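Take a look at the structure set out below.
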Amino acid sequence: MLDIQNIRKDFPILQREVNGKPLIYFDNAATSQTPQQVIDVIVDYYSNYNANIHRGVHSLSQEATDAYEQARLKIQKHFNAKHSHEIIFTAGTTHGINLIANGFSSLLKKGDEIIVSALEHHSNIVPWQMLCERTGAILKVIPMNENGELIMSAYDALLNENTKLVFVNHISNALGTINPIAYIIEKAHAVGAAVLVDGAQSCPHIKPDVQALDVDFYVCSAHKMCGPTGVGMLYGKEAWLNKLPPYQGGGEMIAEVSFEKTTYAGLPHKFEAGTPNICGGIAFGAALDYMNAIGFDAIANYEHELLDYGTEQLLKIEGLKIYGTAKEKTSVISFNVGTIHPYDIGTILDKMGIAVRTGHHCAQPIMDFYKIPGTVRASFMFYNTKEEIDAFITALKKAIMMLS
Ligand code: 7TS
């Protein structure tokens, strides 16, 4: 059992008001809130040991380097990577995906096939389209059903000896569907294809074991899991990361530079050109400590209760339709009410202190599938409560009355 009231005290932002009402923050799938424990780490870094890393002989630089590399070890442990150099710090999920898509430019040829899913965020569609343009590879799409689940028999039929890469998210940001990634990985490997899993939405709710999954690449953003924005991680199997060329050239990613020839540094530095988000990386480690202290099983169980309760309450509202009714789902509820525009509902909810996201959620193909312009999306984290859901339902009913 989680002590939610105590947990909520860790999040200063949850104490504030918006438009004269206590904030109810249900936009966690866009970004999560930051506990004081992580804020303290950020303040401590800039107050006490702000310095560039991996390059100074002086004490501050050593301290910052140690803390940054400690964070890498925490991330390695959390995701159960075999080696710490398989963890590459990135600016976030989008950066990690682009790093891999760029790397495969020299490894693909015309006629090779890439598979993505109908449930992807734009950041797991556009970089692959760009890769196809550069290489002549062909993009294929695993279709979805009305519940928002990927159709695995169609996936099986797409796989063949030309399939080189498969890209899927672990959890859909627009619908909350948890995809069967273990199956997807196993089937892709059977035809010799590599798999990248976009874990932007799964990492706040699930603790993935990259070795047990045997996944080739896994990416996520710290800001979705109680960490700061502008930092994330890419896990890649050592053999793949050695095979891929660097993404960006610059300081720290080289072994030796001359105008005739430059040789690259080993992993992970080969992919970490320039001064990284040092404080962000350290705070990412602190965010993992925070969430692990609460426990991912307890988090998942509680969020499931919130999902079930929220779904039940929403479905009592006449004319309300939920998009995304997969059997395996996380705490995201996307919905519309009759013909009311989602933006109008979101705007009125904001007036009542309630933050939800409205629109296509950077997943336009999903909206096209349902033939809608967008949805209202409420997404819950472990610091949300059933009382907040009750207040949200009351506010939503008022909004519907005003807009009908
Ligand atoms: N992939 C998925 C599945 C996502 O949900 C997001 C962000 C990204 C990739 C991109 O992550 P970033 O940290 O690089 O921006 N999703 C959302 C969302 O649902 N609302 O705002 C951002």
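Values quoted throughout were computed directly from the atomic coordinates according to the rules given, and no laboratory measurement underlies them. Bear in mind the structure is a predicted one, so any value in this text is a computation, not a measurement. Cβ: placed from backbone, ideal geometry, glycine included. Neighbour counts: every protein chain shown.
Taking DSSP loops as anything outside H, G, I, E and B, show the longest stretch in the chain free of trypsin sites (Lys or Arg not before Pro) there with at most 14 other beta carbons within 10 Å. The longest uninterrupted stretch comes out as 111-260.
Between Thr347 and Ala300, what FRET efficiency follows from the Cβ-Cβ distance if R0 is 45 Å, with the result rounded to 0.05?
Details: r = 32 Å, r/R0 = 0.71.
Once rounded, the FRET efficiency stands at 0.90.
The label-point distance for Glu387 and Lys316, in a model that sets each label 7 Å from Cα toward Cβ, rounds to 1.8 nm.
Run through every distinct alpha carbon pair of the chain and return the Kirkwood hydrodynamic radius in angstroms, one decimal place. Show your work: numbers first, answer last.
Details: mean 1/r = 0.0450 Å⁻¹.
Value: 22.2 Å, from the Cα pair sum.
Work out which helices of the chain, taken as complete DSSP H runs, extend at least 24 Å along their axis over the Cα atoms and score a mean Kyte-Doolittle of 0.0 or more, then list them. The partial results should precede the final answer.
Working: long enough: 59-79 (30 Å, -0.94); 278-294 (25 Å, 1.31); 296-315 (28 Å, -0.27); 386-403 (25 Å, 0.57).
What comes out of the filter, once short or polar helices are dropped, is 278-294, 386-403.
Hey, what did the chain get for relative contact order, percent, Cα under 8 Å, at least 6 apart? Relative contact order, the chain: 23 percent. The stretch 186-217 and the stretch 81-126 have their alpha-carbon centroids 12 Å apart.
Fully extending the segment from Lys109 to Ser404 would add 100.7 nm, taking 0.36 nm per residue of separation and subtracting the current Cα-Cα distance.
Which of the lysines could a cross-linker bridge to Lys82, judged by Cα under 28 Å and excluding same-chain residues fewer than eight apart? The reachable lysines, counting only those whose Cα sits under 28 Å from Lys82, are Lys74, Lys164, Lys187, Lys207, Lys224, Lys237, Lys243, Lys270. Fewest neighbouring Cβ atoms within 10 Å first, the residues His304, His269 line up as His304, His269.
Residues Cys132, Cys279, Cys220 in ascending order of nearby Cβ atoms (within 10 Å, fewest first): Cys132, Cys279, Cys220.
Tell me what the chain gives for mean residue ellipticity at 222 nm when only DSSP H runs of n ≥ 4 count, each as -39,500 (n - 2.57), the sum divided by the residue total, rounded to 500 deg cm²/dmol. Write down the numbers at each step before the final one.
Working: 14 runs with 156 residues, N = 404.
Value at 222 nm, helices only: -11500 deg cm²/dmol.
Ordered by the count of other Cβ atoms within 10 Å of each Cβ, fewest first, Glu328, Glu252, Glu149 give Glu328, Glu252, Glu149.
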